[in-house]
Every structure is written in C-alpha cells, then in structure tokens.
Amino acid sequence: MPVALLALAVGVRGAMAVDDEPTASAQQNLVKQANAPISSILQLRLQDSFTPEFDGLRGQGNSVTVGVTMPLPKYRLLPLPQLSLLTVPAAITLPTGPTGFGDVRFLDIAILDAGHRILWGVGPTFVFPSATRPETGQGKWQLGPAAAIAYSPENWLVGALVQNPISFAGDPHRPMANAMGLQPFFVYQFSSGWFIRSQPQMVFDWQNDHQLVPLDLGGGRVFQIGRQTVNCFVEPFWNVERFTGAQTYGINFGLSLLYPNFWEGR
C-alpha cells in the first residue's frame, strides 16, 4: 500500500524579479522547494506510480495521488511558521484488479531555524480512513509524531524525515496500524532548472514486523510555461528489502504547479 511521506526544506528567501522571471537565487530555491515533498511554497502536485511487478502476486498496479503543500507564515495560526501537506490517493489500482480511493493523509510541521542553512521541525501526522475498498486502505483513524531536518548548501538539499502514525479508532475488525515512515532525501541541481533527486520511502511496520527498503534515483526540471512555474520528474525505484505483496520495482512520474508568490499581499 502506498505510504505518503515528506521532507522539509529551506524556505524560498529569494524574491521573484519585477518581470516575474526568477532571479538566479530564487530559481535555485525553487528547485529545492519543488523537490521537498513538503515545502514553504504553495504547490499542487500530481503523481503517478506504476508498478509492473509485485512480490508473490501476479499483475500490475498503479497509484494516482493528488497532493497540496500549504505553508503558513509565522503567527497565521501559531507563533512559528508551519509547513503542511495534504495527500489524497485518488485512484489505487491493485494487481488483483480493483481500483479504489485510498486513505487521506495530512501532515503539519512547525519550523525551528537551527542555522543559516539548517532547518528542523516537529509536528503531528494524521491518517483518515477514507478508502472506498478494504484493499486500498487500513480502515483506521491514526495519529502520530513527525519530525524532519534539512541542510541546504549551495546546489544541494539533503536531509531526512520520519513519521509514525498509530491507530486509535476505526473498524474493530481491521488490525491495528503502527508503522514508521523514514525518508532520507537529496537533491542536486544543475543549470536551467535541471536536477537529480533521490527520496526512498522506507517503511517499518511494527505491527506486522515488515520492512520496505527501496533504492531510487530520478531527475527532472523546474521551468516556466508562460507565467506558470512547473516541476516535472521521473524517478524509478527498486525495493531491495520487501514483504510478500509489496512492489518489487516501479517508476514514479510527477507534475507540480508551483505558486511561490501566494502569500504576497495577504
């Protein structure tokens, strides 16, 4: 089952130029923000994850996910800036054939600045039992802690994020849920908005004693279409450690619409 994870990145401190073309500094920050699953700019994200092979199962799978990252400036809600991520698994197709809506997830991180290029934060993570089929969700209300740290030297963004939602209510006939998601990440950017990235989504299921440890490496570009800033990437993955029923390998395709000036004038 797909698990939505996240990362924390340095905020976009460079402003857009008067003609709405990114300055060099702003372009550098945009690339970093576009590739941090939770970021300090508003984004609308669409991701498709295609899995041609599963461990112990015949058939192929696919997952279409819509995500919204929403930053909240200091004192908008708390005396600290916040980064939030809403993840909606809109269509999960299993190798056995059925397609259904998945469990909606929400994460909110309060940011603490630990230095000029280091940020870290903590907050809660939530899982809502919104799946339309038993196979595409866990049937449990879940709440748990989350924390992240990021370091941003020059063209790099490196760090890690961890979250562990735990079930506290829901369908009494479904098993309890208690799994930690760990996501180390790095982004290195070249000129003209091109980048390479790796964001392996590791899962440690304490309830069932299962582990999912992938290796991945992808690339893409942040660019303009008219006045709209867009991020596109392709990222293959291979699960070197997995359990029966998990993906053997696959490929992620991503498209994001970026709105770096959303809070200007608000």
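Just so you know, all these numbers are worked out from the coordinates, no wet-lab data involved. Values in this document were obtained by computation on a predicted structure and should not be read as measured data. So basically every Cβ, Gly included, is an ideal-geometry build from the backbone, and we count neighbours across all protein chains shown.
Placing +1 on the Cβ of every Lys and Arg and -1 on the Cβ of every Asp and Glu, with no other charges, gives the range 84-215 a dipole of roughly 120 debye about its Cα centre. Gain on full extension, evaluated as 0.36 nm per residue between Phe168 and Glu53 minus their Cα-Cα distance, stands at 38.1 nm.
Positive contributions from Lys and Arg (+1) and negative ones from Asp and Glu (-1), summed over other residues with Cβ under 13 Å from the Cβ of Asn239, come out at -3. Overall, the range 24-259 carries a charge dipole of about 620 debye about its Cα centre when +1 sits on the Cβ of Lys and Arg and -1 on the Cβ of Asp and Glu, all other atoms neutral. Within the listed set Thr125, Thr229, Thr87, the Gaussian network model of the chain (springs between alpha-carbon atoms below 10 Å) gives the highest mean-square fluctuation for Thr229. Taking the square roots of five times each eigenvalue of the Cα gyration tensor of the range 202-250, the equivalent ellipsoid has semi-axes of 33, 12, 8 Å, listed largest first.
For a paramagnetic label modelled on Arg133 (point 7 Å from Cα along Cα→Cβ), amide N atoms under 19 Å away belong, within the range 144-186, to 174-175.
Add +1 for every Lys or Arg and -1 for every Asp or Glu among the other residues with Cβ under 15 Å from the Cβ of Ala34, and state the total.
So the surrounding residues net to +3.
Once each of the GluC sites (Glu not before Pro) sitting in a DSSP loop with at most 12 other beta-carbon atoms within 10 Å is removed, the chain keeps 1-153 as its longest stretch.
Placing a pseudo-label 7 Å from each Cα along the Cα-to-Cβ vector at Ser191 and Val122 gives an inter-label distance of 4.5 nm. More than 24 angstrom separation, counting every C-alpha pair in the range 24-259; what % is that? When all Cα pairs of the range 24-259 are counted, 46 percent exceed 24 Å.
So which chymotrypsin sites (Phe, Trp or Tyr not before Pro) in the range 158-256 pass both tests, a DSSP loop state and at most 15 other Cβ atoms within 10 Å of the Cβ?
On the way: sites: Phe168, Phe185, Phe186, Tyr188, Phe190, Trp194, Phe195, Phe204, Trp206, Phe223, Phe233, Phe237, Trp238, Phe243, Tyr249, Phe253; in loops: Phe190, Trp206, Phe243.
The qualifying sites are Phe190, Trp206, Phe243.
When the Gaussian network model of the chain links Cα atoms closer than 10 Å, the mean-square fluctuations of Asn239, Asn155, Asn164 top out at Asn155. Across the range 169-225 the C-alpha pair distances fall into 10 Å bins from zero in the proportions 19, 31, 22, 17, 10, 1 percent. Of the residues Val187, Pro81, Gln247, the one whose Cα sits farthest toward the positive end of the charge dipole of the range 24-259, with +1 on the Cβ of Lys and Arg and -1 on the Cβ of Asp and Glu, is Pro81.
Backbone phi angles across the range 145-157, fed through the Karplus curve with coefficients 6.51, -1.76 and 1.60 (θ = phi - 60°), yield HN-Hα couplings of x, 9, 8, 8, 9, 9, 10, 10, x, 6, 8, 9, 9 Hz in residue order; Gly and Pro are listed as x.
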